[in-house]
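Heads up, the thing below is written out as C-alpha cells.
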Amino acid sequence: MLEEVLIAYDRSPRRDDRTRVNERIRVREVRVIDDTGQQLGIMPPQQALTIAKQKGLDLVEIAATATPPVCRIMDFGRYQYQEQKRARQAKKHQKIIEVKEIKFRPKVDEHDYQFKKKHIERFLADGDKVKATIFFRGREMAHPEIGRRILERLIEDLTEVAIAETSPRQEGNQMHTILSQRAGKKPAARKEAEPKETEQ
C-alpha cells in the first residue's frame, strides 16, 4: 500500500510538468494555430489532431491556462531540439557573477595594500564583484575612521575600473564596501608604490 502511494507521488510532478502533446491533450475544445501561424479556430482536440496527422506533424499545447487552451500544429521533436539548443546557448554565454572578498587590516602596509588592490583589479576584469573588508581587533574598534580612510582610498584608486555599490559600512568588528566593474572599462596598469616598513 505504501509503495503504491510513493509511486503515484513520484510520477505525478513529472507528468504535470511535461508539455501535453497529441492524445495527451484531454480537454473538450482547443484553439488551434497551424504550422504557418494561421488561426484555425476552436475545435475538439481529436479534430485538431487529425489535421496535424494529415500534415505529418504533432498537436502541441502551448498555452494550457488559456480558455480554451491554445494548441499549435508543429514538429514537436524539432521544437524540443530547438528549445534545448537555445537553453545550451544561453547557458554557454551566461556569466555567473561571484562576490570575492579581499580582507585588509587597519594597519595595512603600502606593499600589502597595492598587492591586494591588484587582486581586486583582476577579479573585476573577470566580471566578478569584490567585497573589500576591514577587520578591527581590540582597541582598533575605537578608530573606525582608519578603516574608512583605507576603503575610501581604495574606491578612489580604482575609480577608472570600478564603482562602489555601497559606501563603506560598519557591521560589528568589520567595515566593508562592494565594488563592481565599471561598464566598458578595463583595469589600467598602475605603477606600484615603494613598500614601506610594516607597522607593528
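The values are calculated or read from the model by the stated rules, or taken from the named source; none is laboratory data. Given the structure is predicted, the values throughout are model-derived calculations rather than measurements. Every residue, glycine among them, receives a Cβ derived from its backbone with ideal geometry; neighbour counts consider all protein chains shown. Just the protein is used for accessible areas: all its heavy atoms, side chains included, with ligands, DNA and RNA removed. Shrake-Rupley method; radii C 1.70, N 1.55, O 1.52, S 1.80 Å.
Data for the structure
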| read-out | value |
| --- | --- |
| Residue list for the stretch 60-79, restricted to those being under 8 Å from Val30 (Cβ atoms) and either touching a His at 6+ places or on another chain (Cβ under 9 Å) or hydrophobic (A, V, I, L, M, F, W, C) (or both) | Val70, Cys71 |
| Neighbours by Cβ (under 9 Å, 6+ apart or cross-chain): first from the stretch 106-122, aromatic (Phe, Trp, Tyr); second exposed (fewer than 15 other Cβ atoms within 10 Å of the Cβ) and at pLDDT below 90 | Tyr113/Ala193; Phe115/Glu192 |
| Entirely in the stretch 109-193, the strands (runs of 3 or more DSSP E) that have 3 or more residues that are aromatic (Phe, Trp, Tyr) and at pLDDT below 95 | none |
| Some residue of the stretch 72-91 being surrounded by 17 or more Cβ atoms within 10 Å (Cβ to Cβ), touching a Lys or Arg at 6+ places or on another chain (Cβ under 6 Å) and touching a residue at least 12 places away in the same chain (Cβ under 8 Å) | no |
| Ile33 being open to solvent by 60 Å² or more (accessible area, probe 1.4 Å), modelled with pLDDT of 90 or more and of a type in the set (A, V, I, L, M, F, W, C) | no |
| Cross-chain or 6+ apart pairs with Cβ under 6 Å, the stretch 5-30 first and farther than 14 Å from Val60 by Cα and surrounded by 10 or more Cβ atoms within 10 Å (Cβ to Cβ), then modelled with pLDDT under 95 and among the basic types (Lys, Arg) | none |
| Residue check, Lys131 touching a strand residue (DSSP E or B) at 6+ places or on another chain (Cβ under 9 Å) and within 21 Å of Arg182 (Cβ to Cβ) | yes |
| Flag for Met43 being at pLDDT 90 or above and out of contact with any Cys (no Cβ under 9 Å at 6 or more places or on another chain) | yes |
